[in-house]
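Each remark here refers to the structure printed beneath this line.
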Amino acid sequence: MNKKQSDDPNLEHIITRRNFLGTTALGSAALLSGGLASLVSRDASAAGALHFVEKTIPELQDAMASGRLTSVQLVQGYLERIESLNDLLHSVIETNPDAICVAEQLDQERRNGHVRGPLHGIPVLLKDNIATADEDCGAGHMETTAGSLALVGSRVPGDAVIVRRLRSAGAVILGKTNLGEWANFRDDEAETYPLAVGWSARGGNTINAYDRSYTSWGSSSGSANAVAANLCSVAVGTETDGSITGPSAVEDIVGLKPTLGLVSQEGIIPISHQQDTAGPMGRTVTDVAILLNVLRSPFGRVVGQPLPADYTQFLRRGALQGARIGRDVRFFDYSYYGSGIPGDHSTVGYAEHALDVMRHLGATIVDCDTGDVFEYSDDEFTALLYEFKVQIAQYLATLSNTNMRTLADLIAFNVAHCQQELVYYDQDVFEAAEQTHGYPSNPIYVHARTHAQHLARSGIDHAIFSQNLDAIVAPHLTNSTGPAVAGYPNLSLPVGIRPDGRPAGMLMYSTFLREAKLIGLGYDLEQQMNVRRQPRFLGRVIPVPNGDFCGPHAEQSQVFPGRANMPAHGRVW
């Protein structure tokens, strides 16, 4: 997107109050009854125009219910911020041409006394691997491309399941966010440009909003970045291993990778159905819980399991009183499994401080060990190669208006469009996946997937059940792999801003379907620590040289955050 950059990127756009007839108290009473009403501050409920920047979903709903704000105004406000900041950040690949029209329809519903729920009229951004079909307004359609030029112009058969649920809940799909192309499963960027994990041929490189010389991580970099910079209320990311939790940590937001099977994969461009999941990303645990209520759409072994009627019921102070929290000792040794980014070892101290806060709130902290992820990380990667080759072909078969049908087609496209697609890293992972055969019965595959999943699950479960733990914590950008391979929930929480302006995050994970417990514990910690801060857009973007994968005539100018000696386990999908 070519958007005009604001002269003052810290400017908060103010929504002018528009009084409209027919706004009813019914909407406010129905929407903010019970627990959610208590989440609206007295200041947010005061009369007058609303500064929407940093406001939670309950606060925005309170303003819309009282007539101080409309969904149209809110959508326009976010679109203006995208216009102002996207040239700086590259968060958003495209905006929805029907967003204003949809907001108008939802405002009319509200005037008629019908409010669908907490997401009614709330603008949401989606990662560009989540399928969206045409809106009823008919102004145009958005692409679904995983950031690749290969899928530009292709048409999906319909909305992803989670998009249908969002629309039904009254959310306004504001647009698509940038990402590491193909969810970072095209090349081993850890060996090439390890901090360029938020780049796509369509969107360029997502630039960290806090320090532009720092990583935006990946692959849900645009979703995290857009939430951090207040370009939307909340966003949806996807994770195979680290792609929700990692970007959330480096952008000072909350991100939840749910239990595998809690959120439908249908209509999402896959890496692996054995690990992929979409998940909510927001500035607060409250907003993440609200979004999770809508996204959840069980399949697989989650079907038939008892689930909470409403995850927001767990947003209560006191959740940490009496809780038992595991300190995953291997990951507090940053030489064992750190991000590999210079200076990130300092984030361990922020996680230790968060543990001290938990103790103060009544939790017992217990050292634990969920196992050595290096015992199964290679098996994880092997399994993903087999799964991706077959599952991406299954997805491509559902598309129209494209001749991309197999992984081999994608590889050939990238070669044919080398100077656009293979500028900064190659497609070694694609090529390795193409060499696999015999999924799902190949013994190499069966052993890799079974071995990795067994070790990941047994490591977490043994720690949880042998020591009666409610949750386990690890520092910033460390243990995404254990919960990802196990298929267990993992919550990324902000725990501070370092002196250089870079955020520090902390991971909190547990066993099968313990989202409710993580939300309660995370909320209690968040309310006590209160560390969320708006980005200041510090630092300078550091140019990274062309990878020269296309020979001496390749393009030579593109900017990425600088390189670092990231270890090979720093992959993020």
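State yes or no: is E135 in contact (Cβ under 8 Å) with a residue 40 or more places away in the chain, under 19 Å from E94 (Cα atoms) and either in contact with a Leu (Cβ under 7 Å, 6 or more places away or on another chain) or not in a strand (DSSP E or B) (or both)? So E135 fails the test.
Among the residues of the stretch 491-513, those identified as in a loop (DSSP other than H, G, I, E, B) and in contact (Cβ under 8 Å) with a residue 60 or more places away in the chain are R498, D500, G501, R502, F512, L513. I'd like to verify a number: residues in the stretch 132-151 that are under 18 Å from L407 (Cβ atoms) and touching a His at 6+ places or on another chain (Cβ under 9 Å), how many? Of the residues in the stretch 132-151, 2 are under 18 Å from L407 (Cβ atoms) and touching a His at 6+ places or on another chain (Cβ under 9 Å). All conditions but one from (1) of a type in the set (S, T, Y); (2) touching a strand residue (DSSP E or B) at 6+ places or on another chain (Cβ under 9 Å); (3) within 14 Å of Y386 (Cβ to Cβ) apply to Y439; the one that does not is (2). Within the stretch 358-383, track down each residue that is of a type in the set (A, V, I, L, M, F, W, C) and either closer than 23 Å to I460 by Cβ or without any contact (Cβ under 8 Å) to a residue 12 or more places away in the chain (or both). Within the stretch 358-383, M358, A363, I365, V366, C368, V373, F374, F381, A383 qualify. Here Q313 passes the criteria (1) surrounded by fewer than 16 Cβ atoms within 10 Å (Cβ to Cβ); (2) touching a Gly at 6+ places or on another chain (Cβ under 7 Å); (3) not in a helix (DSSP H, G or I) except the one numbered (3). Contact annotation: residue pairs with Cβ atoms under 8 Å, 6 or more positions apart or on different chains, pairing a residue in the stretch 257-273 that is part of a loop (DSSP other than H, G, I, E, B) with a partner that is basic (K, R), are P258/R296; T259/R514; G261/R301; L262/R296. Scanning the stretch 435-478 for residues that are of a type outside the set (V, I, T) and within 15 Å of D378 (Cα to Cα) gives Y445, H447, A448, R449, H451, A452, Q453, H454, L455, A456.
Looking at this structure, is D241 assigned to a loop (DSSP other than H, G, I, E, B) and either β-branched (V, I, T) or surrounded by fewer than 24 Cβ atoms within 10 Å (Cβ to Cβ) (or both)? So D241 does not fit the description; no. Within the group A397, A416, A408, A383, which residue is within 17 Å of A201 (Cα to Cα) and either acidic (D, E) or out of contact with any Leu (no Cβ under 8 Å at 6 or more places or on another chain) (or both)? The match here is A416. Condition first: of a type in the set (A, V, I, L, M) and surrounded by 22 or more Cβ atoms within 10 Å (Cβ to Cβ). Now tell me which residues in the stretch 53-71 satisfy that. Matches in the stretch 53-71: I57, L60, A63, M64, A65, L69.
Restricting V53, V115, V40, V102 to those that are of a type in the set (V, I, T), touching an Asp or Glu at 6+ places or on another chain (Cβ under 8 Å) and at pLDDT below 95 reduces the list to V40. The C-beta contact set for the stretch 299-318 (first residue of a type in the set (K, R), second residue buried (at least 17 other Cβ atoms within 10 Å of the Cβ) and assigned to a helix (DSSP H, G or I), distance under 6 angstrom, 6+ apart or interchain) comprises R317/D524. Please verify whether the stretch 147-159 includes one or more residues that are part of a loop (DSSP other than H, G, I, E, B), farther than 17 Å from V294 by Cβ, among the hydroxyl-bearing types (S, T, Y) and in contact with a Leu (Cβ under 8 Å, 6 or more places away or on another chain). For the stretch 147-159, residues part of a loop (DSSP other than H, G, I, E, B), farther than 17 Å from V294 by Cβ, among the hydroxyl-bearing types (S, T, Y) and in contact with a Leu (Cβ under 8 Å, 6 or more places away or on another chain): present. Residues of the stretch 368-392 that are assigned to a loop (DSSP other than H, G, I, E, B) and among the β-branched types (V, I, T): T370 alone. Taking the criterion of being aromatic (F, W, Y) and either assigned to a helix (DSSP H, G or I) or within 18 Å of the chain's Cα centre (by Cα) (or both), the only residue of the stretch 47-96 that qualifies is Y78.
Output yes when any residue across the stretch 405-413 is aliphatic (A, V, I, L, M), surrounded by 15 or more Cβ atoms within 10 Å (Cβ to Cβ) and within 24 Å of A160 (Cβ to Cβ), and no when none is. Yes. Scanning the stretch 274-290 for residues that are assigned to a loop (DSSP other than H, G, I, E, B) and over 25 Å from Y439 (Cβ atoms) yields R283, T284.
So, in the stretch 418-432, exactly how many residues are under 16 Å from T406 (Cα atoms) and touching a Phe, Trp or Tyr at 6+ places or on another chain (Cβ under 6 Å)? Number of matching residues: 1.
Taking each residue of the stretch 330-347 that is under 14 Å from A474 (Cβ atoms) and looking for partners that are basic (K, R) and part of a helix (DSSP H, G or I) with beta-carbon atoms closer than 9 Å, six or more apart or interchain, yields Y336/R330; Y337/R330.
Considering the stretch 115-135, and only residues there that are among the β-branched types (V, I, T) and farther than 19 Å from Q73 by Cβ, the residue that is surrounded by the most Cβ atoms within 10 Å (Cβ to Cβ) turns out to be I130.
Residue-wise test of (1) in a helix (DSSP H, G or I); (2) over 24 Å from the mean Cα position of the chain (by Cα); (3) buried (at least 21 other Cβ atoms within 10 Å of the Cβ).
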{"residue": "A319", "(1), (2), (3)": "no, yes, yes"}
{"residue": "R327", "(1), (2), (3)": "no, yes, no"}
{"residue": "F331", "(1), (2), (3)": "yes, no, yes"}
{"residue": "H345", "(1), (2), (3)": "yes, no, no"}
{"residue": "G349", "(1), (2), (3)": "yes, yes, no"}
{"residue": "H353", "(1), (2), (3)": "yes, yes, no"}
{"residue": "D356", "(1), (2), (3)": "yes, yes, no"}
{"residue": "R359", "(1), (2), (3)": "yes, yes, no"}
{"residue": "V366", "(1), (2), (3)": "no, yes, no"}
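Residues in the stretch 74-93 include none that are over 17 Å from I173 (Cβ atoms), polar (S, T, N, Q) and without any contact (Cβ under 8 Å) to a residue 60 or more places away in the chain. Do you know which residues across the stretch 219-242 are under 13 Å from F185 (Cβ atoms) and more than 10 Å from the chain's Cα centre (by Cα)? Matches in the stretch 219-242: T240, D241. Please enumerate the residues belonging to the stretch 441-480 that are β-branched (V, I, T), part of a helix (DSSP H, G or I) and surrounded by 24 or more Cβ atoms within 10 Å (Cβ to Cβ). Across the stretch 441-480, the qualifying residue is only I460.
The values are calculated or read from the model by the stated rules, or taken from the named source; none is laboratory data. From a predicted model like this one, the values you see are computed outputs, not experimental measurements. FYI the Cβ positions are ideal-geometry reconstructions off the backbone, even for glycines, and counts take in every protein chain you see.
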